[in-house]
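First the structure, in the form of structure tokens, and then the observations on it.
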Amino acid sequence: MNELANFLSTAIRLATPTLLAGLGIVFSERAGIVNIGTEGLMLIGALSGVMGSLLTGNVWLGALIAIIVTVAFAAVFAFFTVIIKADQTVIGTGMNLLASGLTITVNRAVFGANTSPPKIDTFRTTPIPLLSKIPYLGEIFFRHPVPIYLAFLLVPIAQFMMFRSNTGLKVRSVGENPKACDTVGINVTRTRFLAILYSGVMAGFAGAFVSMGQLSFFTEGMIAGGGFIALAAVVFGNYTPLGVMIASLVFGASNALMFRLQALSTGIPSQFPLMIPYIITIFSLCLVSRKSNKPAGSAIPYIKE
Amino acid sequence: MASILEMKHITKRFGPVVANKDVSFSVEEGEVHALLGENGAGKSTLMNILFGLYEQTSGDIYYRGEPLNVRSPRDAIDRGIGMVHQHFMLIPAHSAIENVVLGYGGNKEVLDLKAAAKRFSEMADRYHMNIDPWEKVGKMSVGQQQRLEILKALYRDVDTLILDEPTAVLTPQEVEGLFDVIRQLIAEGKTVIFISHKLPEIMAICDRCTVLRQGEVAAAGLEVKSIKNLNELAHLMVGREVELVTAKTPSEPGEVILDVEDLNYINEKGIHVLKDVSFQVRAGEIVGVCGVDGNGQSELVKCLTGLLAPASGRVELLGKDVTHESAKNILDAGVGHIPEDRHKMGMVGAMNLRENIAMVDNYKEPYSTKGFMHWRWIDKHSRELVQKFSVKTPSIMEKAINLSGGNQQKMVVGRELSRETHLLIAVHPSRGLDIGATKYIQSQIVEARDRGAAVLMVSTELDEILEIPDRVLVIYGGRILACLEQAACSRNRLGLLMAGITEDDEEQPA
């Protein structure tokens, strides 16, 4: 039982970066933007968070700096895809390559190539009084760093925003039929731009959580596909915040399983559990594709006549 | 009555193209004012300027005596101008009520859809429209979607409503319903601008009429009552005399060319789209398939041309079973296909005219030998074809996308008719074309018949169906509901059949 509680707690912890980034992407996806540059944005968030924390001595200020820097890069993506109307895949790939090179360069310039990382303020475990004392449940749910609580609290808020608010309706509509939005006076460009910036906020925070919540330093290429996993979680979660949460937990659990298998030396290569998120996504796409909420205008730039 | 809208000396250029040239347009409060013109005459452009989707190059607009400066549709809506576009501006994935409140100025951040639905349903009742606010738009019929569009505009308290080609997708009965709504709007003191190129409708519902021709005003504010006959109006619209009826002799059907037996088709969603469809087309006759869009005609043609595989049944061409042949083999067996959407299926826009003309028979003589193209012969053939079918183009090296819709269609029709075909399948051959091009293409189809080809023509335009075919099949819900000789067709009878009402139903009213 203790083993299980430990496993589930790890699953939640590992699910959080996917969930944070996914809650951002789900809005930009609904607005008709496929941002495969999320991987790069998270990488930028991870590095700038560490630098910010080192600079200010406070992990939250570090996270704030991570968000600001990431949003700036998201704005570059938004500028090219929404204003210049360039192909989203090309720009997103460009962002990933840029982020990969840039973070390596800046990291080496600031921290040196082979020195041990400096000590920085990180997200520490904050048990919730009383609740964390509940047997098993306390360990699973209530002994985590604050960003994990925030991520899960954000799910119902995001769900409400998407389906019950005016903003959510606009976001969902510009992804489905931007021209129809134009004819009722909605500014498609602004809506899409802002949706990308918001996904940048979440990607930046997700990146900062990876480098300062799961670890306490930046390593080159540390996101290691986390941005793509978040994109997959949005698709698997059928473009709803609630679905993203479930997908993140499934992916988090498969990651936790990988660590278990590594520790147990069962002989099963640890790469296999790593494949699980992708295999699940492919299978679920085959099964649910007909009922998919994928927006009709996905990845198509809106060009006004 | 005072004029509610004055558009003065509006000019709109798209690059070198002048879409509206010094157009002045004046509408009085409480009237139905028709904006008449052929496709490409600049009607929609003018209305899109009024509605804030385009900005005029020069000219002024006054609404209720005050200057109207619209930067976006929001401004137009705020001033009380609503528009129902030809291609509906609805989001199929959303519910009706979500579509209605989308972008509505009075929305709070937390949406109260229940209250909105209540207000919406009250309005719908007032106009005798039956629409469930919670139904997904994707599941609604075209007629329902149009009513939803009208309600969407009325929800915003507009007092001038622009209807862009509103009858293009409706059955005659639905058109009557639309006219009733228009009459009610007028009775409530609203103003309607009715864009159309269909003359009888304008005579039926409009008070006054402004005619646009090639971007210029050909006639302004004509009293419809003073118009003596349709030819007068047609002349204004086209700028020359047009024969409104295509000349045609009685048909002399020969041997059976196409024999379709118990054809069934089930689509990927498991919906039974075609149900036991059987019919024949003989040499030297034109068989029309008429029905509202989406009743299976598109699937029927695709089954006949090898683009879809039927679930059961037989298709015989000249006595040979071609049910599961590939599209290429079917075309090869002597079938010409003018597809429903020339942009998606009939041509490749980015390729030039001669390449498009060579596209179908490219692999055989005289187009090519063992994979080597005979461009010299193709050029000669293309030039002949362009001349014979009066395709207006600077040269055969022009990209197809740069031609007007009518000329693109002439190219496709020309290509298919110049092939040696026993069977011509023409789907919406005149869709989106002006009167001149329509009449030309129709006469070419009749000529193909007279040459001895069998013709299957699918159309949603009743005028076309009443005029061109020798026999008419009415398709409804994937079934052939009736097969009528042309003489037995009337607008009313076809209209009822298109709505799925057979004579048995009429005798026993539900």
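Listed values, structure above:
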{"read-out": "The stretch B:315-432 pair-distance distribution - Cα-Cα, 5 Å bins, rounded %", "value": "2, 12, 21, 23, 21, 12, 6, 2, 0"}
{"read-out": "Calculated on alpha-carbon atoms, Rg and Dmax of the stretch A:220-305 in Å", "value": "15.9, 61"}
{"read-out": "Dipole magnitude of chain B, debye to nearest 20 (Cβ charges: Lys/Arg +1, Asp/Glu -1, about Cα centre)", "value": "1640 debye"}
{"read-out": "Proximal aspartates and glutamates to residue B:269, defined as alpha-carbon separation beneath 17 angstrom and excluding residues fewer than eight positions away on the same chain", "value": "B:299"}
{"read-out": "Mean-position separation - Cα centroids, the stretch B:88-131 and the stretch A:216-290, in angstrom", "value": "40 Å"}
{"read-out": "Of A:294/B:328; B:12/B:108; A:170/B:136; B:152/B:302; B:328/B:370; A:170/B:114, those spanning more than 28 Å from alpha-carbon to alpha-carbon", "value": "A:294/B:328; B:12/B:108; B:152/B:302"}
{"read-out": "Loop GluC sites (Glu not before Pro), the stretch B:210-306 (other Cβ atoms within 10 Å of the site Cβ: 16 or fewer; DSSP)", "value": "B:241, B:243, B:255, B:268"}
{"read-out": "Beta bridges per DSSP with both ends in chain B, % antiparallel, nearest 5", "value": "55 percent"}
{"read-out": "Fraction of alpha-carbon pairs over 42 Å apart in the protein assembly as shown - percent", "value": "46 percent"}
{"read-out": "Shielding by partners - mean other protein chain Cβ count within 10 Å, residues of B:105-116", "value": "3"}
{"read-out": "Rounded to 5, the percent of DSSP beta bridges in the stretch B:3-238 classed as antiparallel", "value": "55 percent"}
{"read-out": "Rounded Å value of the spacing that divides the Cα centres of the stretch B:311-344 and the stretch B:10-24", "value": "44 Å"}
{"read-out": "In Å, descending, principal axis extents of the Cα set of the stretch A:104-195", "value": "56, 47, 15"}
{"read-out": "Two-decimal Rg to Rh for the stretch B:161-282 - Kirkwood Rh, Cα set", "value": "1.14"}
{"read-out": "Whole-angstrom gap from the stretch B:245-289 to the stretch A:70-90, using each part's C-alpha centre", "value": "51 Å"}
{"read-out": "Exposed trypsin sites (Lys or Arg not before Pro) absent - longest run of chain A, DSSP non-H/G/I/E/B, at most 12 other C-beta within 10 Å", "value": "A:125-303"}
{"read-out": "Taking B:26, B:58, B:298 and counting other C-beta atoms within 10 Å, the order from fewest to most", "value": "B:58, B:26, B:298"}
{"read-out": "Filtered trypsin sites (Lys or Arg not before Pro), the stretch B:104-181: DSSP coil and at most 11 other beta carbons within 10 Å", "value": "B:108"}
{"read-out": "Degrees between helix A:88-111 axis and first principal axis of chain A (Cα, 0 to 90, nearest 10)", "value": "40 degrees"}
{"read-out": "Relative contact order (percent, whole number), chain A, Cα cutoff 8 Å, 6+ residue spacing", "value": "36 percent"}
{"read-out": "Tail beyond 25 Å, pair distance distribution of the stretch B:3-238 (Cα, percent)", "value": "41 percent"}
{"read-out": "For A:169-180, mean number of other protein chain Cβ atoms within 10 Å", "value": "5"}
{"read-out": "The stretch B:45-89: proportion of alpha-carbon pairs further apart than 13 angstrom, %", "value": "53 percent"}
{"read-out": "Compactness index (Cα Rg / 2.2 N^0.38 Å), chain B", "value": "1.04"}
{"read-out": "The stretch B:103-160: GluC sites (Glu not before Pro) in DSSP coil with no more than 13 other Cβ atoms inside 10 Å", "value": "B:109"}
{"read-out": "Between 0 and 90°, nearest 10: helix B:113-126 axis offset from chain B longest Cα axis", "value": "80 degrees"}
{"read-out": "Expected 222 nm ellipticity per residue - DSSP helices of 4 or more, -39500 (n - 2.57), all of the protein assembly as shown, to 500", "value": "-14500 deg cm²/dmol"}
{"read-out": "Average Cα contact separation per residue, the stretch B:305-355, under 8 Å, 6 or more apart, as relative contact order %", "value": "27 percent"}
{"read-out": "Crossing angle, helix A:271-288 versus chain A [Cα axis fit, 0-90 degrees, rounded to tens]", "value": "30 degrees"}
{"read-out": "Relative contact order computed over chain B (Cα-Cα under 8 Å; 6+ residues apart), in percent", "value": "14 percent"}
{"read-out": "Least to most buried among B:364, B:43, B:388 (fewest other Cβ within 10 Å first)", "value": "B:364, B:388, B:43"}
{"read-out": "Within the protein assembly as shown, percent of DSSP bridges classed antiparallel, to nearest 5", "value": "55 percent"}
{"read-out": "Mean shadow area of the stretch A:2-291, taken as a quarter of the surface of its Cα convex hull (nm²)", "value": "16.7 nm²"}
{"read-out": "Mean projection area, nm², convex hull over Cα of the stretch B:1-129", "value": "10.2 nm²"}
{"read-out": "Order of A:136, B:63, A:302 under a 10 Å beta carbon neighbour criterion, fewest first", "value": "A:136, A:302, B:63"}
{"read-out": "Hits among lysines - C-alpha to C-alpha of residue B:225 under 21 Å, sequence gap 8 or more where chains match", "value": "B:190, B:198"}
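Each reported figure results from applying straightforward, stated rules to the coordinates on display, with no laboratory input. This is a predicted model, so every value here is computed, not measured. Neighbour counts run over all protein chains shown; Cβ positions are idealised from the backbone, glycine included.
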